[in-house]
Amino acid sequence: MMKRWIVLLGLWCSFETQAAVAEDVTARVALARDAVMPYVVSVMVVRADQQLGRSELHLSSGSGTIIRPDGYVATNAHVTENGRKFRVVLADKRELQADLVGEDALSDIAVLKIRDVPSGGFQHARFAAADHLQSGDVVLAMGAPWGMAHSLTQGVVNNPERLMISLFQDESDYEQQLGKNQPTARYYAWIQHDAAIAPGNSGGPLVDLSGEIVGINTRGNLFGGDMAFAIPATIANTITTQLIEHGAVPRSYFGFGLRSLKNSGLREGVLVSSVQGDSPADRAGLKPGDRILAIDGQRMDIAQPEQVPPLLRALTERKIGSELSLTVAQAQTERVLRLRAETYPQDLGEDLDVRAFGLTLTEVTPSIARSRQLDRDHGLLVTGVAAGKRAATAHPPLQVGDVIYQLEQTPIRQGKDLQAALTDEQRTKGEWIVHIERRAEMLVALIDAESGASNPNTLRELPKAWIGIETQPVTPTTSRKIGGPDAGGYRVTRVYPGPAESAGIKVGDFVQKLADESVPVTGDIGDESLQQRIRDALLGEPLKIDLVRGQTPMTVSVLPQATPTPPGNLPGARIDWLDLNVRSLSFFDRVDRDMEAGARGVVVERVESGGLGGLAFLQVGDVILEVNGQPITDLKRFEALVDRKAQDPKRNISFLVLRANRTRLLFLDSSWMDKS
């Protein structure tokens, strides 16, 4: 009996202990949340992405954290990538404009600065001073998944120093899988954790139970899940400080890659996996396959892949211009090589959008040249060719992957060289000889002159008669099955406002004769025979129609009028700066949308993907009724109201539109109008 009480008492104590621990964790989670969550922001970005030969504007979002009282926000570089305009949404729902201070793709860290800083500054969160995480530690991920602000998930650290290499991969694949032209986190290992994150969480903080930022979330599963990765706080703190102070992260460059001794059978040093041409390492005589035994006299043993990124990072953090001494095992002997640190070369160049040719380009850098095995490390790489545009119809057509290195007689090394050559608008419209490199071939292409706008002098079509009905041919067999006349006929399926409606014709009537002549039904598809007979009628003269309603024959007289202008024949306009095509409102538009006969407006015919019209959420088929509260009386009025020169740069543009059967008020943010 005593043993039983002892067991029960032990269980009770165990439950009490577990409850106390759970209560303690809950309390600490609440404290950590309150220490950081108020300073987490949503980051809204208008980005210019190159797609299919043109630069397209898109809205994207991420997360960030206010880290200083003067309004600096830490986030991810892939959140700000290609960004043109930035806005942060604070915890109190205020939306504030922000500017990009700097971004560092190698660590995937970026810094924004809020423009309007209150007199007392911002309250802010703080980075942890040291990397202390261990597997099993509880962490919180905060941010705006899928743009839903102020979300928090809880998990534990799976591995505080993770390279994304599985047991089935060789470590030499690591750098290649991070990015074709610019590997991200080449010098860093991630914190792996299982607090669920999703798109939109990027740039948000990973927080420990002491309420400090221990990482910046960078990667996760597309639909959320239990595998996520964050850049450690000590690295993020260092990078953000350098970005704030310098606008960039200064790094040294030696031009060689390393791999660990894993699976090599060796026990000392680190292996050289690659040496870049004309680099300090190349000039010093370092070769792939060499084994570095010591750096500046310090012996080393890099046995595992996780040890490589910290070593590479330490090399990049050396003073630019300083000397590096390597003790190297080559051909069974030891040599000492001396390398001089150079400034780390830019991995990616500037992007260009040449709409005159229908091309998007990026500057070739040594990194791009190496990764794409190009013969030259300068010029402009073709990243997109717009279908049907001048580059696509050149002789031969330009292709993605081509490198433009000369335009006419002008060498092209950087984007500014091409921009200088295309400053003359009239000259730009003419023919151009372009010299390109394509898979080691040196080709010459001719870009044709820009064709003038076609304005064919077509004959004006005479107006045709129209009574305003649509019909369905019904054969005698079908007609008898549905209780119609034995002879069948053309069953009225729609009556428009107009002559037929005025004459009393209704849906369900069977038309059998026009002007005392039968209109035979030869099949059950298409009513062109009937419609052609109507079009041949005389305008302004009564047209006799024999029809059957139910089983009752009847005759009506209809006064035909001119056919309303089809939508495709109405005048339209292209608003280039909005990437928008519109046309005049037609009779059929008004009927289909149940609009009054005299309603005015313009119909949206095309909204270019990635244009400002798309950012205002305009859609094909919308009827624009007003712009900035001013009614649209006709096409010219619309063009005047959206003239870019007439816009107030401090005022959003409003569009009142009719979509389906509902009006909507849409806005184009004034801060997005400058696409430069």
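The values are calculated or read from the model by the stated rules, or taken from the named source; none is laboratory data. Since the model is a prediction, treat every value here as computed from it, not as a measurement. Counting neighbours? That spans all protein chains shown, and the Cβs are built from the backbone with ideal geometry, glycine included.
Side notes on the structure shown:
- Selection over the range 505-518 of residues that are of a type outside the set (S, T, N, Q) and within 21 Å of G483 (Cβ to Cβ) gives a count of 8.
- Among the criteria (1) at pLDDT below 90; (2) aliphatic (A, V, I, L, M); (3) in contact with a strand residue (DSSP E or B) (Cβ under 9 Å, 6 or more places away or on another chain), the one A453 does not fulfil is (3).
- Close contacts from the range 648-663, counting a first residue that is within 13 Å of P631 (Cβ to Cβ) and in contact (Cβ under 8 Å) with a residue 60 or more places away in the chain and a second that is of a type in the set (V, I, T) and outside any loop (DSSP other than H, G, I, E, B), with Cβ to Cβ under 6 Å and a gap of 6+ residues or different chains, come to L658/V623.
- Listed by position, the strands (runs of 3 or more DSSP E) contained in the range 27-90 that have at least 2 residues being crowded, with 23+ Cβ neighbours inside 10 Å and of a type in the set (A, V, I, L, M) are 40-51, 72-75.
- Per the conditions (1) on the phi > 0 side of the Ramachandran plot; (2) in contact (Cβ under 8 Å) with a residue 60 or more places away in the chain; (3) surrounded by fewer than 18 Cβ atoms within 10 Å (Cβ to Cβ), the sole criterion not satisfied by G358 is (3).
- Subset of the range 228-268 that is of a type in the set (K, R) and surrounded by 19 or more Cβ atoms within 10 Å (Cβ to Cβ) - its residue that is nearest to the chain's Cα centre (by Cα): R251
- Scanning the range 558-571 for residues being closer than 16 Å to Q531 by Cα, touching a residue at least 40 places away in the same chain (Cβ under 8 Å) and assigned to a loop (DSSP other than H, G, I, E, B) gives a total of 4.
- Every condition in (1) at pLDDT 90 or above; (2) assigned to a helix (DSSP H, G or I); (3) within 22 Å of Q97 (Cβ to Cβ); (4) not basic (K, R) holds for A640 except the one numbered (3).
- Single residue of R651, R574 found to be surrounded by fewer than 18 Cβ atoms within 10 Å (Cβ to Cβ), of a type in the set (K, R) and assigned to a loop (DSSP other than H, G, I, E, B): R651
- Looking across the range 580-611, the residues that are under 19 Å from the mean Cα position of the chain (by Cα) and modelled with pLDDT under 90 come down to E608, S609, G610, G611.
- Candidate set from the range 629-644 (those that are more than 28 Å from the chain's Cα centre (by Cα) and of a type outside the set (A, V, I, L, M, F, W, C)); member that is nearest to S584 (Cα to Cα): D634
- Matching option when the condition is outside any loop (DSSP other than H, G, I, E, B), touching a strand residue (DSSP E or B) at 6+ places or on another chain (Cβ under 8 Å) and not assigned by TED's automatic domain parsing to the domain that holds Q298, among V336, V328, V382: V382
- Yes/no for L337 being surrounded by 17 or more Cβ atoms within 10 Å (Cβ to Cβ), farther than 30 Å from E431 by Cβ and out of contact with any helix residue (DSSP H, G or I) (no Cβ under 9 Å at 6 or more places or on another chain): no
- Output for the range 246-281, where each listed residue is in a helix (DSSP H, G or I) and out of contact with any strand residue (DSSP E or B) (no Cβ under 7 Å at 6 or more places or on another chain): H246
- Candidate set: the range 366-382, residues that are in contact (Cβ under 8 Å) with a residue 60 or more places away in the chain and buried (at least 18 other Cβ atoms within 10 Å of the Cβ); chosen: the one farthest from F256 (Cα to Cα): L374
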